[in-house]
């Protein structure tokens, strides 16, 4: 046995249905599409959400809520994450570029430092927002929390 004579196991594959190849094939005439109607015509494609003429779900269910266009979204980074980076990579100054280089945020993300986890190192952090407790913990260890 080699690569030149490999084939699938017997009965594991089927030949595709060849429709519209004459009456003798058993699938000529209307070519399994029935008589008339949109689905029998060429170029037909069912719209997403179409339910056969029944009122589609996205129109049956009422609209609710709204999206506040003025909301400011922050990427949350915990003190435990910063402590991990201090231990593994010996980083003590954290600004947007350093956080981005370590995969913590995207290009245009705003950063908020939260107090979850323990911090034992003296660090300098520059971020867009801080929780009050995070600032207390950073400054208690002699570090600096600077708001951008």
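Pairs of Cα atoms nearer than 8 Å and 6+ residues apart set the relative contact order; for the stretch 74-147 it is 34 percent. Compared with the dominant principal axis of the Cα atoms in the chain, helix 79-89 is inclined by about 90°. Springs join every pair of Cα atoms under 10 Å in this Gaussian network model of the chain, and among 75, 88, 13 the largest mean-square fluctuation is at 13.
Where does the Debye-calculated log10 I(q)/I(0) of the stretch 50-97 sit at q = 0.15, 0.18, 0.25, 0.33 Å⁻¹, using only Cα point scatterers of equal weight, no solvent? Debye output, listed in q order: -0.64, -0.74, -0.96, -1.21. Relative contact order of the chain: what whole-number percent is it, with Cα pairs under 8 angstrom and at least 6 residues apart? Computed over the chain, the figure is 15 percent. DSSP beta bridges fully contained in the stretch 51-148 are about 5 percent antiparallel. Using every pair of separate Cα atoms, the Kirkwood estimate puts the hydrodynamic radius of the stretch 1-65 at 16.9 angstrom. Mean residue ellipticity, 222 nm, helices only, the chain: the sum of -39500 (n - 2.57) across DSSP H runs of n ≥ 4, divided by residue count and rounded to 500, is -5500 deg cm²/dmol. For 73, 84, 44, the sequence from fewest to most other C-beta atoms within 10 Å is 73, 44, 84. The stretch 81-145 and the stretch 6-22 have Cα centres lying 61 Å from one another.
Note on the stretch 74-147: the alpha carbon radius of gyration divided by the globular reference 2.2 N^0.38 Å gives 0.96.
Rounded to two decimals, the Cα-based Rg/Rh of the chain, with Kirkwood Rh, is 1.40.
Values quoted throughout were computed directly from the atomic coordinates according to the rules given, and no laboratory measurement underlies them. Quick caveat: nothing in here was measured; it's all calculated off a predicted structure. We place every Cβ from the backbone using ideal geometry, glycine too, and count neighbours over all the protein chains shown.
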